[in-house]
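Visitor: Shown below is the structure under consideration.
Read the figures in this text as sums done on the coordinates, not as results from a lab. In this text the structure is predicted, and so the values were computed from the model without any measurement. As a convention, Cβ positions derive from the backbone with ideal geometry for all residues, glycine included, and neighbour counts pool all protein chains shown.
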Amino acid sequence: MGATGQHDAAGHLIRDRALVYGADEKIARWVGKQIPTFQVMPGARAIGVIKGKRLVAGVIYERYNGIHLEASIAAVPGSRWADRHTLRGIFAYPFIDLNCRAISVVVGATNLESLNLATKLGFWPEAIVKFAAPDGADLVVLKQLREQCRWIQDGQGRQRTGTAIADENGGG
């Protein structure tokens with residue numbers, strides 16, 4: 001996962017406090033059970049959030065094209081998974097490791113809980129796709145730009161976090 005060493009060469013799991021890297025398929029299956037009709041794309045990457053010994057949240061990153069990717073986020077309802085360290089790690093992967101300019105999430109217009117979460121994370125509505133959700137509702141495409149992401153900003157938009165992510169000089 002990225003050039004900063006979140007997976008080692010042998011593909012072993014790496015844990016950075018509550019974040020787990022290297023379990024892409026397992027986390028993708030878990031997210032798929034949380035989001036009706038979700039189907040993970042081949043080659044997707046994932047970050048899991050562990051509380052105790054339970055996976056309580058997962059983020060799937062797909063369709064990376066060099067400057068943009070799509071993310072899907074799922075969490076156990078009521079779990080308090082989104083602390084500052086966790087959010088830095090979740091946004092560092094696309095914006096720092098992959099150097100993405102933008103991330104999109106797609107949410108059904110009737111899914112008010114997910115729309116609320118997305119806006120609290122800093123995503124803003126960019127487009128409405130009429131009658132595109134499996135239930136016939138509209139889909140809302142929400143976007144976040146690297147330069148507007150408050151979870152990684154340090155004045156340059158380049159903040160390294162945690163021991164699982166090395167700095168640009170190869171240090172931890």
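Visitor: Where a Cα-Cα gap under 27 Å defines reach, which lysines qualify for Lys51, not counting those fewer than 8 residues away within the same chain?
Guide: Reachable lysines: Lys26, Lys33, Lys120.
Visitor: Pulled fully out, how much extra length does the chain show between Glu113 and Ile128, if you take 0.36 nm times their separation in residues and subtract their Cα-Cα distance?
Guide: Working: separation 15, 0.36 × 15 = 5.40 nm, distance 1.72 nm.
Separation in residues times 0.36 nm, less the Cα-Cα distance, equals 3.7 nm.
Visitor: Using only the alpha carbons, work out the radius of gyration and Dmax of the stretch 19-119 in angstrom.
Guide: Considering the stretch 19-119 through its Cα atoms, Rg and Dmax are 12.8, 35 Å.
Visitor: Fewest to most neighbouring Cβ within 10 Å: what's the order for Val49, Val140, Val76?
Guide: So the ranking, lowest neighbour count to highest, is Val76, Val140, Val49.
Visitor: Then there is this: Mind computing the radius of gyration and Dmax over the alpha-carbon atoms of the stretch 16-66? Å is fine for both.
Guide: 11.0, 35
Visitor: Sort 54-63, 110-119 by the packing proxy (mean of other Cβ within 10 Å over each peptide's residues), most packed first. Could you put the intermediate results ahead of the total?
Guide: Numbers: 54-63: 20.5, 110-119: 15.1.
Packing order, densest peptide first, comes out as 54-63, 110-119.
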